[in-house]
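First up is the structure itself, then whatever we jot down about it.
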Amino acid sequence: MGNLRKDKLIIAKQKFTSRLIVGTGKYKSMTECAKAIKLSGAEIVTVAVRRVNITNKKKPLLMDYVDPKKIKYLPNTAGCFNSQEALRTLRLAREIGGWKLVKLEVLGDKLNLFPDMIETLKSTEVLTKEGFKVLVYCNDDPLMAKRLENAGAKAIMPLAAPIGSGLGIQNKINIRIIRKQTKLPVIIDAGLGQASDAAIAMELGCDGVLVNTAIAKAKKPFEMALAFKNAVIAGRQSFNSGRIEKTLMGNPSSPTKGLI
C-alpha cells in the first residue's frame, strides 16, 4: 500500500491519492450521496452547476453534506448543448466558488448524449485563455483528443460508452491509442456499469475513472461505491505490475525438465 500512496494522480499540478472521481447526481438523497462518496474514497466529486443545488439556501445544499474543504469540487457543464451555455455555466461557477479547475461537457443531442466535439474544442480554447484548468469530456477519437491537448486541456476524459448506459468500455483500442499519444491524464468518463469496468480502464493505462450512475443507481449503492474503490486500486496495481505477454499457444507453468 505504501507504493500506492506515492503513486499520485496529478491534474493541473494538483495531487490526489484516489484515482476514482464520483458524481453527485441521481442519488435518492444528499445523505445517500455523501455516504457513497465517503465509502468510495474519492477526493474529487463532479458537481453539475445547472442541476445540483449550491446556491439556494432554502433547499438542501450540497456543501452541508459534502465538505468542499475536504473534497475537491469539480464543477461541470452537464446539460449544456452549445458553447455559449457551457461558457456561461463555468463562469458562473467561478463567480460562486472561485472554481477554476472544471469539467467541460458539451452534448450534441438529448438522445445519445454524445459530446459535440466542434463546440467542445471551441469552448476549451476560450476557457483556457480565460485561465480555467479544463478537464474535457470527449469521444474516443485519438485525433480529437490530441487537438484538445493542443488547445490547452489539462485532462482528456474519453467516454467508455453513452452516459448512463452501463455498457462498459466499447473501444479499448482507441483508449489505448489516446493513452499512448498524450502526456495528459486520461480519465474514463461515462458508460461504466460495474466495478470490473473500472479495473479494465486502469489496466489499459488510464489515470482514473469517473463514475456516477453505476454507483447512484445500483441496487446497493454503498456496496457498489466500495467495489469501485477496490477495482480502481486493483486495476492500477495490475497495470503497474506489468502483465505477461499474450501467446497463441500454451506455456506450462511447471518445469518441463527433470520429469519423473
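Flag: residue 184 does not match the condition of being surrounded by 19 or more Cβ atoms within 10 Å (Cβ to Cβ), assigned to a loop (DSSP other than H, G, I, E, B) and touching a Phe, Trp or Tyr at 6+ places or on another chain (Cβ under 9 Å).
You will find that of 227, 218, 198, the residue that is without any contact (Cβ under 8 Å) to a residue 40 or more places away in the chain, within 20 Å of residue 38 (Cβ to Cβ) and in a helix (DSSP H, G or I) is 227 and no other.
Applying the selection to the range 104-146, what residues are free of Cβ contacts under 8 Å to residues at least 60 places away in the same chain, within 23 Å of residue 88 (Cβ to Cβ) and among the basic types (Lys, Arg)? Within the range 104-146, 110, 122, 129 meet the criteria. If you check 148, 87 for being closer than 23 Å to residue 209 by Cβ, in a helix (DSSP H, G or I) and in contact with a helix residue (DSSP H, G or I) (Cβ under 9 Å, 6 or more places away or on another chain), only one passes: 148. A Cβ distance below 8 Å, combined with a sequence gap of six or more or placement on separate chains, defines the contacts here; from the range 149-164, residues that are free of Cβ contacts under 8 Å to residues at least 40 places away in the same chain reach residues that are in a loop (DSSP other than H, G, I, E, B) and among the hydroxyl-bearing types (Ser, Thr, Tyr) in the pairs 149/182; 156/182. Listed by first and then second residue, the pairs linking a residue in the range 16-43 that is without any contact (Cβ under 8 Å) to a residue 60 or more places away in the chain to a residue that is aromatic (Phe, Trp, Tyr), with Cβ atoms under 6 Å apart and 6 or more places separating them unless they lie on different chains, are 30/65; 34/65; 43/16. In summary, residue 227 fulfils each of the numbered conditions (1) buried (at least 23 other Cβ atoms within 10 Å of the Cβ); (2) modelled with pLDDT of 95 or more with the single exception of condition (1).
The values are calculated or read from the model by the stated rules, or taken from the named source; none is laboratory data. Because the structure is predicted, anything quoted here is derived from the model rather than measured. Ideal geometry is used to build each Cβ from the backbone, glycine not excepted, and the neighbour counts take in all protein chains shown.
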